[in-house]
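Working notes, structure below.
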Amino acid sequence: MTSVRHVSSRIGRRVQGVDEQMRYHAIADMTTKSTTAERARVAAEPGMLVLLCIASWLVPGAGHLWMGRRQKGFVFLFALPAMFAIGLLLHGRVFPFELSEPLVALAAAANLAAGAPWIVSRMLDAGAGVVTAASYEYGNTFLIVSGLLNALVVLDAFDIGMGRK
């Protein structure tokens with residue numbers, strides 16, 4: 001007759017063996033899977049980085065598309081101009097550069113960071129803003145945030161170009 005202690009020790013060894021096999025396979029999977037850390041991290045030339053940043057600012061997502069990050073590039077290409085357009089549709093204001101009012105100047109800098117949508121809205125005289133509209137502040141928020149997010153997209157494209165990501 002087998003003792004309870006003997007059976008429990010055999011079961012314990014089997015469980016321990018299964019755990020070791022699972023750990024081994026997990027480590028083997030980690031070494032064979034491709035990660036972003038394994039991508040080539042070649043830094044671009046300084047002149048190319050300037051062009052990359054200008055393209056990324058002018059057309060949101062263009063820098064990521066240029067660097068081969070298609071998924072992120074297309075998301076930025078559609079989401080950021082859509083945010084800017086929603087801000088205009090909500091009667092938001094594209095702020096002018098008035099240095100006498102610091103908060104207006106900061107909002108204007110954030111609008112400028114949106115790139116091509118800002119240029120097009122200035123050329124078409126869009127974004128006058130309707131202060132009495134119920135959605136005016138929401139429109140301002142969309143306009144400002146789209147520009148600030150585009151600034152972060154430019155910095156991300158720069159980091160990718162430098163080989164940091």
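The values are calculated or read from the model by the stated rules, or taken from the named source; none is laboratory data. Being a predicted model, the structure only gives us computed values, none of them experimental. Positions of Cβ are backbone-derived with ideal geometry, glycine not excepted, and every protein chain shown enters the neighbour counts.
Criterion applied to Phe142, Phe76 was being touching a helix residue (DSSP H, G or I) at 6+ places or on another chain (Cβ under 8 Å) and farther than 27 Å from Val50 by Cβ, and the one residue passing it is Phe142.
Okay, residues lined up against (1) within 23 Å of Val130 (Cα to Cα); (2) in contact (Cβ under 8 Å) with a residue 40 or more places away in the chain; (3) over 24 Å from the mean Cα position of the chain (by Cα):
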position: Leu65; (1), (2), (3): no, no, no
position: Phe74; (1), (2), (3): no, no, no
position: Phe78; (1), (2), (3): no, no, no
position: Pro81; (1), (2), (3): yes, yes, no
position: Gly87; (1), (2), (3): yes, yes, no
position: Arg93; (1), (2), (3): yes, yes, yes
position: Leu103; (1), (2), (3): yes, no, yes
position: Ala113; (1), (2), (3): yes, yes, no
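Just one of (1) surrounded by fewer than 14 Cβ atoms within 10 Å (Cβ to Cβ); (2) in contact (Cβ under 8 Å) with a residue 12 or more places away in the chain fails for Asp159. It is (2). Report yes if some residue within the stretch 22-30 is among the acidic types (Asp, Glu) and either modelled with pLDDT of 55 or more or surrounded by 12 or more Cβ atoms within 10 Å (Cβ to Cβ) (or both); otherwise report no. Looking for residues that are among the acidic types (Asp, Glu) and either modelled with pLDDT of 55 or more or surrounded by 12 or more Cβ atoms within 10 Å (Cβ to Cβ) (or both), one finds none in the stretch 22-30, hence no. Looking at the stretch 50-165, the helices (runs of 4 or more DSSP H) lying wholly inside it that each contain 3 or more residues that are in contact with a Ser or Thr (Cβ under 8 Å, 6 or more places away or on another chain) sit at 62-66, 70-89, 136-162.
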